[in-house]
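Here is the structure we will look at.
The values are calculated or read from the model by the stated rules, or taken from the named source; none is laboratory data. What you see is a predicted model; the values in this text were computed from it and never measured. Here the Cβ positions follow ideal geometry from the backbone for every residue, glycine too, while neighbour counts run over all protein chains shown.
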Amino acid sequence: MTTVTGHWIEQPQTQEVCRMLTSAGYRALFVGGCVRNALLGEPVNDIDISTDAVPERVVQLAEAAGLKAVPTGIDHGTVTVVADHVPHEVTTFRRDVETDGRRAVVAYTDKVEQDALRRDFTMNALYARADGSLVDPLGGLSDLQARRVLFIEDPAARIREDFLRILRFFRFYAWYGDPQAGIDPEGLAACARLSRGLETLSIERITAELLKLLSAPDPAPAVASMTQAGILARVLPGSAPDALPMLVALEASVGVLPDGLRRLAALGGEAASHLRLSKPDTRRLETLLRLMSDASGPAEIAYRQDADTAQDTVLLRAALLEQALPPGFAAEIAKGSAARFPVKSADLMPDYSGAALGARLKRLEQDWIDSDFALTRGQLLA
């Protein structure tokens with residue numbers, strides 16, 4: 001028998017939430033990402049519990065047990081139960097009554113099989129009891145073990161329930177799929193056929209999903225499939241996936257962690273205008289796109305920006321040109337990061353003031369950078 005294990009399931013706070021439900025005669029089943037990731041040996045960040053207790057009853061039981069109940073999504077059947085600062089999303093078994101591609105009208109049910117059928121992929125319809133024993137109503141374990149990302153039953157029907165599942169399909173393939181086996185052709189065809197539905201989604205949802213996808217260890221095969229299906233052009237006009245495989249390989253060669261924004265810069269296109277990034281992310285993306293075609297070297301970028309930006313730029317330039325990383329770039333970045341311009345405004349006063357002072361400082365700084373940071377204060381002032 002397959003058993004789900006891990007600190008997260010054994011910790012007293014989580015077991016207490018399960019007992020809160022089971023001692024009152026209700027079911028408590030872990031579901032979704034926590035079960036999937038535990039079976040794959042991946043980190044578990046969120047704990048989701050499904051139950052046949054309705055939300056109001058969950059709140060009553062939590063309060064009676066001295067736990068904190070927060071109605072985070074009570075209209076959709078979800079109550080966050082906090083035990084000793086550990087949150088648990090407790091959701092009543094549900095079945096879809098009506099969907100419009102963005103949101104669903106649900107009804108509660110007491111059958112885990114019906115709850116499983118409303119989920120997206122078979123690997124996400126795996127449940128586990130408090131003791132870790134697996135409940136697999138749809139046979140998703142074999143798909144998970146084979147790293148097959150398959151829609152539950154009819155792919156088109158699942159997509160029409162929520163068009164974000166198009167992007168989730170590629171994101172899950174990037175994170176959990178087997179690139180050697182390839183992406184599921186039936187799911188890919190349904191995504192291509194229904195891709196216009198992405199236009200009904202908010203930019204925020206699309207942006208979040210795309211960045212999660214690009215943060216996978218190697219998103220290149222998934223992005224190639226997105227391109228084949230016409231999805232990439234729809235969510236990111238003007239982009240091209242050609243540099244992405246090279247970037248991923250270069251990142252691995254120097255031990256750089258995956259970064260969704262760096263990969264987004266490699267795709268190019270109109271990300272800044274078609275996605276909803278935070279202000280810091282927008283500034284970073286625009287800086288990387290500008291530096292990719294700039295003539296400044298890694299030392300100057302590290303001095304003017306920071307070491308991470310310089311490293312990102314070196315990686316992106318090499319990926320776009322399909323070249324090896326330049327020799328000694330790490331030492332150049334370190335040198336630029338440590339450099340400190342030796343001239344101050346006071347050194348030029350009173351001979352210079354106002355705009356002339358700023359222009360003179362800028363000229364001297366560039367001369368100093370062009371000297372490979374070698375000119376001294378005295379040489380610059382002379």
### Query
Of the conditions (1) touching an Asp or Glu at 6+ places or on another chain (Cβ under 7 Å); (2) on the phi > 0 side of the Ramachandran plot; (3) of a type outside the set (D, E, K, R), Gly132 fails just one. Which one is it?
(1)
### Query
Out of (1) touching a strand residue (DSSP E or B) at 6+ places or on another chain (Cβ under 6 Å); (2) buried (at least 20 other Cβ atoms within 10 Å of the Cβ), the odd one out for Leu244 is which?
(1)
### Query
Quick one: which of Leu126, Leu138, Leu167 is in contact with a Ser or Thr (Cβ under 6 Å, 6 or more places away or on another chain) and buried (at least 17 other Cβ atoms within 10 Å of the Cβ)?
Leu138
### Task
Please name all residue pairs, on different chains or six or more residues apart, with Cβ atoms under 8 Å, provided the first residue is in segment 121-136 and is at pLDDT below 95 and the second residue is surrounded by fewer than 17 Cβ atoms within 10 Å (Cβ to Cβ).
none
### Query
What number of residues in segment 13-45 are closer than 21 Å to Leu61 by Cβ and touching a strand residue (DSSP E or B) at 6+ places or on another chain (Cβ under 8 Å)?
14
### Query
Name the residues in segment 1-45 that are within 17 Å of Arg119 (Cα to Cα) and not in a strand (DSSP E or B), would you?
Gly32, Gly33, Cys34, Val35, Arg36, Asn37
### Message
Can you find a residue that is over 30 Å from Asp370 (Cα atoms), hydrophobic (A, V, I, L, M, F, W, C) and touching a Pro at 6+ places or on another chain (Cβ under 7 Å) anywhere in segment 254-268?
### Response
yes
### Task
Could you look through segment 173-195, keep only residues that are assigned to a helix (DSSP H, G or I) and buried (at least 23 other Cβ atoms within 10 Å of the Cβ), and pick out the one that is farthest from the chain's Cα centre (by Cα)?
Ala190
## Note on the structure
Within segment 228-239, the residues that are surrounded by 16 or more Cβ atoms within 10 Å (Cβ to Cβ) and free of Cβ contacts under 8 Å to residues at least 40 places away in the same chain are Leu232, Arg234, Leu236, Ser239
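For every residue, the table says whether it meets (1) surrounded by 14 or more Cβ atoms within 10 Å (Cβ to Cβ); (2) among the aliphatic types (A, V, I, L, M); (3) farther than 22 Å from Asn124 by Cβ; (4) within 26 Å of the chain's Cα centre (by Cα).
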site: Arg27; (1), (2), (3), (4): yes, no, no, no
site: Cys34; (1), (2), (3), (4): yes, no, no, yes
site: Pro43; (1), (2), (3), (4): no, no, no, yes
site: Ile49; (1), (2), (3), (4): yes, yes, no, yes
site: Ala53; (1), (2), (3), (4): yes, yes, no, no
site: Glu56; (1), (2), (3), (4): no, no, yes, no
site: Val59; (1), (2), (3), (4): yes, yes, yes, no
site: Val79; (1), (2), (3), (4): yes, yes, no, yes
site: Thr92; (1), (2), (3), (4): yes, no, no, no
### Query
Of (1) closer than 18 Å to Leu214 by Cβ; (2) surrounded by fewer than 18 Cβ atoms within 10 Å (Cβ to Cβ); (3) modelled with pLDDT of 95 or more, His274 satisfies all except one. Which?
(3)
